[in-house]
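The structure under discussion appears below in the form of structure tokens.
Bear in mind these aren't lab numbers, they're just calculated from the coordinates by the rules spelled out. Model, not experiment: these values are computed from the prediction. Cβ: placed from backbone, ideal geometry, glycine included. Neighbour counts: every protein chain shown.
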Amino acid sequence: MIDNDQSSLNNEIDSIAIDDEGTFRDQLSTVDKSGKRIWVYPKKPKGRFYNYRKYISYILLLILFVTPWIKVSGRPFLLFNVIEGEFILFGVYFAPQDFHLLVIGMLILMLFIALFTVVFGRVFCGWVCPQTIFMEMVYRRIEYWIEGDANAQIRLNKSDWTSEKIMKKSAKQILFFTIAVLIGNTFLAYIIGTDQVVQIISEPINQHWSGFIAMVVFSFSFYFVFASLREQVCTTICPYGRLQGVLLDEQSLAVQYDFTRGEPRGKIRKNQPVQDNTGDCIDCNLCVKVCPTGIDIRDGIQLECVNCTACMDACDEVMEKVERPKGLIRIASLASITNKKFNIINKRSIAYTIVLLILIVLESFLFIGRSELEVILLRTPGMLYQEHEEGVISNLYNYQIINKSDKEFIVDFKIDNGGDAIIEFVGQPPHTLSQKTTEGALFIKIPKDQLSGRKSDLELKAYNRDVEMASFSTTFFGPKN
Ligand code: SF4
Ligand code: SF4
């Protein structure tokens, strides 16, 4: 039933939106017939929604640049050190052993974005995604400031290389690259921490070759993305954009052109009476001119639309001028535009919500049960057992202590089921540092007559003074009785 409704609706939209030349969506707006890229010069947006986006972008940029500098007990508040497998989320340290928590956390995030998309469409792209924030709210605004609005930019690009053009182009590229360096270093700070980034910047390069190369690669990558790739990231590279087709349905909210009200579109000409048989769209093309991905929203929801709402602002301004109601382009569901039953809570959103809640409960359960100390005790490879003269059998072990707490302390091990077994550390007892892994070796010695067989299972506990911190097990090998 829904499929039939959807296909009849699609036919309806197709018949409305095919333009005079019959070229409805049969080519990409940013590629010409020979396959060459068409550079998008979006007109500078202005209006209510653009202002909201500006305020939101200021807050998000502040959060992005300040967060790496925030520390909790001397450690970063957020760290994604994929190189050393060290993660700190909101001040909580996660070792590689907590990888399952990170995976579930990522699944929750992805499902949340999917659920959000099912209900609210691609709002994330236009309003929160760092790519759009930097592109539209930083780089594009610098471009408008130095080169002027879209037409001025086109004129400048077509003009000869005068001193003014050289000045403008150089100033723009220098600013673009400076900001790319800033973004690159901030990105690096999320991976290795601000202390390391400051060291790389302030100390001689030959002491930090790998860090310096990472900085250069990140800086040039961001420069390339924002100075050259631009909207291609959203329209052809980003996998999230590709998923829109399966995430959206006719109940999803998205930036939509109200074709029932706007069609048939008809131009208003000076000193000519307004035709009665036309819709509210006056075919001024302003919604297309402001679009940063170069599409015509009147062709319906499209993969390239990042829901930036620039076309809404542009059209509202036009509607105001021609004294027609605003909202010809608005955030709406296709169902609400076609006067069908609009239900924000539908089967799909309920199903996603249930799965999301299950994952959140599972993550919380695992997180609460997570211990601050983890011990891995394994028999040293290649060693079996040693038999001593006094009738004692010993095994050599390697230990790894993962201290996820913000305290440092000396760890003591005790065997629960080892009879008169004793533990002898090789060197000093382990001194674990906060959020670090400590490694070492130890012997476990058990009187031969207390061994029940060739292999015994030992249950051990780790203590900080008298406080039990972790329990773990290992095996002990001895001679056949
Ligand atoms: S801005 Fe509004 S009136 Fe102008 S072409 Fe777009 S939809 Fe039609
Ligand atoms: S169609 Fe409108 S909302 Fe979509 S990207 Fe273009 S301007 Fe933004």
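Take the chain, mark every one of the GluC sites (Glu not before Pro) that falls in a DSSP loop and has at most 11 other Cβ within 10 Å, then report the longest stretch left between them, sites excluded.
85-322
Only four residue types carry charge here, +1 at the Cβ of Lys and Arg and -1 at the Cβ of Asp and Glu. Report the dipole size of region 299-408 about the Cα centre in Debye, rounded to the nearest 20.
It works out to roughly 980 debye.
Round to the nearest 10 and give me the degree value, 0 to 90, for the angle of helix 310-321's Cα axis relative to the longest principal axis of the chain.
The two axes meet at around 30 degrees.
What is the dipole size for region 373-477, taken about its Cα centre, with +1 at each Lys and Arg Cβ and -1 at each Asp and Glu Cβ, in debye to the nearest 20?
The calculation lands at about 280 debye.
For the chain, with the dipole built from +1 on Lys and Arg beta-carbon atoms and -1 on Asp and Glu ones, taken about the Cα centre, which of VAL119, VAL40, GLN386 lies farthest toward the positive end?
After comparing all options, I get VAL40.
Using +1 at the C-beta of Lys and Arg and -1 at the C-beta of Asp and Glu, which of TYR240, PHE220, SER29 has the Cα lying farthest in the positive direction of the dipole of region 1-370?
Farthest along the dipole direction, towards plus: PHE220.
Can you give the Rg and Dmax of region 274-395 based on its C-alpha atoms, in angstrom?
That works out to 32.2, 111 Å for Rg and Dmax.
So if I take the alpha carbon set of the chain, get Rg, then get Rh from the Kirkwood formula, what is the Rg over Rh ratio?
Taking Rg over the Kirkwood Rh, I get 1.14.
Just name one of VAL411, TRP69, GLY184: the one whose Cα is farthest towards the positive end of the charge dipole of the chain (beta-carbon charges, Lys/Arg +1, Asp/Glu -1).
It is GLY184.
Give me Rg/Rg_expected for region 114-241, where Rg uses Cα atoms only and Rg_expected = 2.2 N^0.38 Å with N residues.
1.28
Can you list the aspartates and glutamates whose alpha carbon sits under 17 Å from that of LYS36, skipping same-chain ones fewer than 8 residues off?
Reachable aspartates and glutamates: ASP26, GLU231.
From the C-alpha coordinates alone, can you work out the Kirkwood hydrodynamic radius of region 373-477, in Å?
Evaluated on region 373-477, it is 14.2 Å.
Distance check, please: which entries in LYS169/LYS267; LYS54/LYS169; LYS169/LYS289 exceed 30 angstrom between their Cα atoms?
LYS169/LYS267
Treating only the Cβ of Lys, Arg, Asp and Glu as charged (+1, +1, -1, -1), what charge dipole size does the chain show about its Cα centre? Round to the nearest 20 debye.
It works out to roughly 1640 debye.
Using the 10 angstrom Cβ neighbour count as an exposure proxy, how do LEU377, LEU303 rank, fewest first?
The fewest-first ordering by Cβ neighbours comes to LEU303, LEU377.
Please determine, in degrees from 0 to 90 and to the nearest 10, the orientation of helix 347-368 with respect to the longest principal axis defined by the Cα atoms of the chain, where the helix direction is its Cα long axis.
It is inclined by approximately 30 degrees.
Can you give the calculated 222 nm mean residue ellipticity of the chain, where each DSSP H run of n ≥ 4 adds -39,500 (n - 2.57) and the sum is split over every residue, rounded to the nearest 500 deg cm²/dmol?
About -12500 deg cm²/dmol.
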